[in-house]
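Input: a single structure, listed below in structure tokens.
What follows is calculated from the coordinates using simple rules that are stated; it is not laboratory data. Computed from a prediction, not measured in an experiment: that's the story for all the values here. Here the Cβ positions follow ideal geometry from the backbone for every residue, glycine too, while neighbour counts run over all protein chains shown.
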Amino acid sequence: MPIVKTKNNIVSVLNTRHLTDTTYVIRIECDGMEFEAGQYISLGLPGTSEKREYSIYSGMQEDYLEVLVREIDGGIVSKQLKQIQPGAKAEMDGPFGFFTLGMNQRSGHRLIFLASGTGIAPFHSFVNSFPELNYTLIHGVRYAEEAYDSGAYDSDRYTLCTSRDDKGDYRGRITDYLQNIPVDKDADYYLCGNSNMIHDVYDILKDQKIDAGKIHAEVYF
Ligand SMILES: Cc1cc2nc3c(=O)[nH]c(=O)nc-3n(C[C@H](O)[C@H](O)[C@H](O)COP(=O)(O)OP(=O)(O)OC[C@H]3O[C@@H](n4cnc5c(N)ncnc54)[C@H](O)[C@@H]3O)c2cc1C
């Protein structure tokens, strides 16, 4: 099992990259922490009792750790982390979670990744950690500007579904898109993001007779 080697779990913030008005990537020192792509950490400001879970966005071989965060209206931690400056300290626990890839899945097996919003984070880590993955990534957002770091994915493998503008590859929700394409019965399906999307996609896959053992999910809220 991966272990954390950070001192008192207090880490330095290296920088923040703002992708949209509300969404940003925080890079922190990883100081020897080992993790499996797909796991998450718990992060917050030191001295506050509030911490939240964030999937690790960066790849396993990087010498830093990144998370992709969307500031939530009325949210506590996503707002606090947005203000954090380079050199400031953050408090981190982890890594946690089992939303990871087995050896078979890393070795050419067909993988379908379905993400809503910042639910793309673990897939960014998968793709950066294992460049040979045989994946298709379907990302559902409201507006095309939320196609976070889409250049990181092979364009043949990436489909952007936008529900509120026409600037993506497909106008509509992930669920609409999924109902209009042939479903690959042999692939493994990885679902990450909000619970409504995950439940709806799960129902579509079950209707298509996809084995439940081939469906893996990480629910954010
Ligand atoms: C395993 C796991 C991994 C996660 N990974 C990420 C990640 O990589 N990036 C990320 O941005 N968030 C992620 N989240 C959500 C994150 O932990 C927080 O819930 C989120 O940042 C809101 O925290 P807050 O303190 O700002 O809001 P809070 O004060 O805790 O809550 C505000 C309200 O916002 C709702 N909410 C939470 N997340 C969202 C959202 N994305 N959109 C709309 N409403 C929401 C909550 O249900 C709550 O009702 C993850 C959650 C889990 C369980």
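With angles folded into 0 to 90 degrees, how steeply does helix 195-207 sit against the dominant principal axis of the chain? Use alpha carbons for both and round to 10.
Approximately 30 degrees, to the nearest 10.
Mean residue ellipticity at 222 nm from the helices of the chain, using -39,500 (n - 2.57) per DSSP H segment of n ≥ 4 over the full residue count, to the nearest 500 deg cm²/dmol? Could you put the intermediate results ahead of the total?
On the way: 5 runs with 38 residues, N = 221.
Dividing the helical sum by the residues of the chain leaves -4500 deg cm²/dmol.
Given a Förster distance of 35 angstrom, what is the FRET efficiency for D200 paired with Y64, based on the Cβ-Cβ distance and rounded to 0.05?
E between D200 and Y64, to the nearest 0.05, is 0.50.
How many nm separate the modelled label positions at R164 and S49, each set 7 Å beyond the Cα in the direction of the Cβ?
With each label placed 7 Å out from Cα toward Cβ, I get 3.4 nm.
Tell me which residues come under 5 Å, amide H to amide H, from E218 once H is placed; ignore anything under 5 positions away on its chain.
L191, C192, G193
Quote the FRET efficiency, to the nearest 0.05, computed for R157 versus E29 with a Förster distance R0 of 41 Å and r equal to the Cβ-Cβ distance.
0.85
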